[in-house]
Amino acid sequence: MAVDNNQYWQKITVEIDLVNAKHSIAWWKPKLILYSALKKPATSLQVGQVIHGTAKLKPAYANVNPAGFNYARWLLSKNIVGRGSLLDFQVIDASSEWREPALQLMAEKLKAYQHGGEILALMVGDKRLLSQSRISLYQRSGLGHLFVLSGLHLGIAAFWSWLLFRGFCRGVKLRSESLPLLLSLLSCLLYCWLANWPLSMMRAWLMYACLLLFFLLGERRRPVSALLVSAFIIMLLWPFSLYNNGFWLSYIAVSVVLLCLWWGSRSKWQSLLVIQFALGLVMLPVQVMMFGVVPSFALVLNLVAVPLFSSLLVPLTLLLGMLSFSPWFEALAGIVDSLFSLLYGAIVYFESKQTLSFSSPALLSGLLLLMPSFILALLVLPKAVSRVFLLASLLLPSMLGLSHSTQSWQVYVLDVGQGLAVVVMHQGEALIYDTGPRYRSGFNHAQATLLPLLANLSVKRVRDIVISHGDNDHAGARLVLEQAFPEAEHHYGRDPRLPSSGCSGAEQWGRLSLSYYMAELGDGNNGSCVLLIDDGQYRLLLSGDIEAKAEQQLLEQGLGKVSFLLSPHHGSASSSSKAFVEALQAEVVIHSSGAFNRFNFPADEVLARYADSQQFITGRDGAIRLNIDERAYQVHLERYRAASPWYQQIISW
């Protein structure tokens, strides 16, 4: 169904049609994501080919954290029920779809341009030429949605094709309002075909078709009814669209446009400017709700970029596709490439000047407080004053910080799969212990999980970054964090992959005492930097990947009873020795182990050794938060919190 190739692996999305020689009962076709490592000589798969192979499958599951991308919701919206590795395969039918050879030819022509990847992504939705660094930059800037073909792009194509066909009809003196609209609808269907039928564009096409149907039936003043009918049809065809962010973004955007057209009479150019400004203002908090952190400059960039894409980039890119084999291709491609260069330069400039971000709790709580006042201002104040009040209402919440108790402290053991990442909060400052893994694709949990959490918590300063040792599952995103927080103090375990150690001694942090330990047993796991945090009543031990011999040395150094323990080495049987468990007598033990991990951590014998303690597993319970003050502590499980949606309360479906 879909193939994504890079230098390391192939990501293959397939629909399940037969299970045990029986047809799938779900007509909406549940899907699997398979990964195949590229071997030499590599067999690069293409869409439309038929293969026979062996795959090792796992149920679809998602890490659950208090901030960052909601992967569980994404899996559900895409009907993905499993993931796995394609161990081996044979190509039965090597013939691919017509689209792939055409894409390869277009990609070869666009490689010569600096922003050929952006052009190809806008033209047909293919990102093979876009580097991961470019994708990450656009996502961080709040413009990532402009490079994913969606209802916005289909709407732009609909407008320009309608304008073209209307001009043609007038040129041949054919008076018909409906013919340009019908031809525009067919052009949009052709665009969906070229883009390989993405669901987001198909939903938008159905919305456009319903609006056009109501128009042709004479119901010109009832666009809301057309939208409701289209939503009903979409929910019948794709029931899980309800959990797709694109579904809500499309309908919210169309609603904003209709509201702007209804609110007062203006000239066409005034209406266009008001619509663009309103879309930028309204979609920003919506993006914060759906995607977590959005930089403060995203509002300015969207106000410029959306009109730029609507009026120039998208129509010129589509025109470029139609002129692929004409002598004007190179000249037009150069113009489009120059426009992308200007946009890219602006993004890089704004990112270097960024001083704050919009984050969910501050923005949403501020909007809830200011919304009644804003509605009153609209009714009472002059229009000009009310618009200024609206702008202030949207910008102020991002600058509001949450109050932090000087006595309490919080510990977040994040769900980063088979890895470790911990954030300790106290007095508005943070200490980070390990970063979670970084993958060859460029994905890392510092950008995906840690940074969004720190923004949500309105952290004033990251005072310490502790890297227990150099394994990827603990230190994979170290450089990302060190670049993000250059003023933080660094502490490293003994490992040739890390800078010289700074894991010794003790220091005071408010009412917390920090004590660093490290066994004298070589590098790697047993050279982990171990951190003990003590508030005078409760003690937390962050143990890295130490094993039994290192545990014994730390006990000999005076390590004793603790309240909370992060189990050594994710609950491996080579750690958590009987003597260590009995000496620490932890009330709460947290195992940072990924769901369905291949090591079967935490081991059954380790769970048995900690039988007298409360035990939690990140792969099962999601991120685990400890709220600790001078009187008591509370344990909160992110997967099972009261407000958690049903699809996050199950590990797989």
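The values are calculated or read from the model by the stated rules, or taken from the named source; none is laboratory data. Treat the numbers as computed from the prediction; the structure is a model and nothing was measured. For neighbour counting, all protein chains shown are included, and Cβ atoms are generated from backbone atoms with ideal geometry for every residue, glycine included. For accessibility, only protein heavy atoms count, side chains too; no ligands or nucleic acids. Shrake-Rupley method; radii C 1.70, N 1.55, O 1.52, S 1.80 Å.
Here are some notes:
- In terms of its C-alpha gyration tensor, segment 504-611 has a prolate overall shape, because the principal axis ratio a/c (a ≥ b ≥ c, square roots of the eigenvalues) is not below 1.5 and a/b outweighs b/c.
- When +1 charges are put on Lys and Arg Cβ atoms and -1 charges on Asp and Glu Cβ atoms, the dipole computed for segment 583-642 relative to its Cα centre reaches about 260 debye.
- Relative contact order %, segment 87-135, counting alpha carbon pairs below 8 Å whose residues are six or more apart: 22 percent
- Residues whose amide H comes within less than 5 Å of that of Gly53, counting only those at least five positions distant or on another chain, are Gln90 (H built at 1.01 Å from N in the peptide plane).
- Amide H to amide H, with H built 1.01 Å from N, Ser501 comes under 5 Å of no residue 5 or more places away or on another chain.
- Placed amide H near Lys58: partners under 5 Å, 5+ positions off or other chain: Arg83, Gly84
- Pairs from Lys11/Lys58; Lys78/Lys109; Lys31/Lys111; Lys78/Lys127; Lys31/Lys56; Lys58/Lys78 whose Cα-Cα separation, in the structure shown, is over 21 Å: Lys78/Lys109; Lys31/Lys111
- The distance from the alpha carbon centre of segment 195-209 to that of segment 46-83 is 22 Å, rounded to a whole number.
- Backbone HN-Hα couplings from phi across segment 505-513 [Karplus 6.51/-1.76/1.60, Hz, Gly and Pro as x]: x, 9, 8, 10, 9, x, 8, 9, 9
- Residues of segment 146-202: accessible area per residue with a 1.4 Å probe, Å²: 54 Å²
- Fully extending the segment from Ala102 to Arg461 would add 124.1 nm, taking 0.36 nm per residue of separation and subtracting the current Cα-Cα distance.
- Rel. contact order, % - alpha carbon contacts under 8 angstrom, at least six apart, segment 556-601: 47 percent
- Across segment 126-233, Cα pairs under 8 Å and at least six residues apart give a relative contact order of 25 percent.
- Using θ = phi - 60° and Karplus 6.51 cos²θ - 1.76 cosθ + 1.60, couplings along segment 314-322 (whole Hz; Gly, Pro as x): 5, x, 5, 5, 5, 5, 4, x, 6
- A crude spin-label estimate for the pair Asp629 and Asp612, with each label 7 Å from Cα along the Cβ direction, gives 3.1 nm.
- Highest to lowest packing among 425-437, 199-211, scored as the average C-beta count within 10 Å: 425-437, 199-211
- If R0 equals 56 Å, the separation of the Cβ atoms of Ser176 and Asp17 corresponds to a calculated FRET efficiency of about 0.80.
- Carbon-plus-sulfur accessible fraction, segment 500-653 (probe radius 1.4 Å, protein heavy atoms only): 47%.
- Per-residue packing, averaged as other Cβ atoms within 10 Å, sorts the ranges 241-254, 549-562 into the order 241-254, 549-562, beginning with the highest.
- Shape category assigned to segment 576-624 from the gyration tensor of Cα positions, a/c cut at 1.5: oblate
- Each residue of segment 427-437 is assigned a 3J(HN,Hα), and the resulting list reads 6, x, 10, 10, 10, 10, 10, 6, 10, x, x Hz, derived from the Karplus form 6.51 cos²θ - 1.76 cosθ + 1.60 (θ = phi - 60°), x at Gly and Pro.
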